[in-house]
Amino acid sequence: MSQQTEDIAGLVEAIVRPLIEFPDELQIDASETEDGAILVELRVNEDDAGKVIGRQGRVIKAVRTLARAAAARNGMPVEVELID
């Protein structure tokens, strides 16, 4: 895993961890896809999923925007997915 992948995963963790009630159950898996994009997968307690998604998806959309902005310097596409 490259340094940038780890940095993006750390950024996502720093944003999401204060939002949830069960931070011990937060799992973040970051990897690089075959096409060179960074894929960050979030797993949270099902009670916290609504907080991470937010009203009309605003929170998860903001997390995705911040992750993409952080990786834009190096031209790396980023996908952030919440896994049920």
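The values are calculated or read from the model by the stated rules, or taken from the named source; none is laboratory data. These numbers come from a predicted model, not from an experiment. Cβ placement follows ideal geometry from the backbone for every residue including glycine, while neighbour counts extend to all protein chains displayed. Accessible surface is based on the protein model in full, side chains and every heavy atom, while ligands, DNA and RNA are left aside. Shrake-Rupley method; radii C 1.70, N 1.55, O 1.52, S 1.80 Å.
Solvent-accessible surface of the chain, taken per residue with a 1.4 Å probe and all protein chains present: 63 Å². Using the Karplus relation 6.51 cos²θ - 1.76 cosθ + 1.60 with θ = phi - 60°, the per-residue 3J(HN,Hα) values for segment 45-58 come to 4, 4, 5, 8, 4, x, 5, 6, 6, x, 5, 6, x, 5 Hz, with x marking Gly and Pro. With all pairs of separate Cα atoms included, the chain yields a Kirkwood hydrodynamic radius of 12.8 Å. Once segment 42-82 is represented by equal point scatterers at the alpha-carbon sites, with solvent omitted, what log10 I(q)/I(0) does the Debye formula produce at q = 0.16, 0.24, 0.29, 0.33 Å⁻¹? Taken in order of the listed q values, log10 I(q)/I(0) reads -0.43, -0.78, -0.95, -1.08.
For segment 1-49, the equivalent ellipsoid derived from the alpha-carbon gyration tensor has semi-axes of 22, 11, 7 Å in decreasing order.
Cβ-Cβ distance of residue 6 and residue 46, R₀ of 30 Å, FRET efficiency by 1/(1 + (r/R0)^6): the value works out to about 0.65.
Net charge dipole, the chain: roughly 640 debye, given to the nearest 20, about the Cα centre with Cβ charges of +1 for Lys and Arg and -1 for Asp and Glu.
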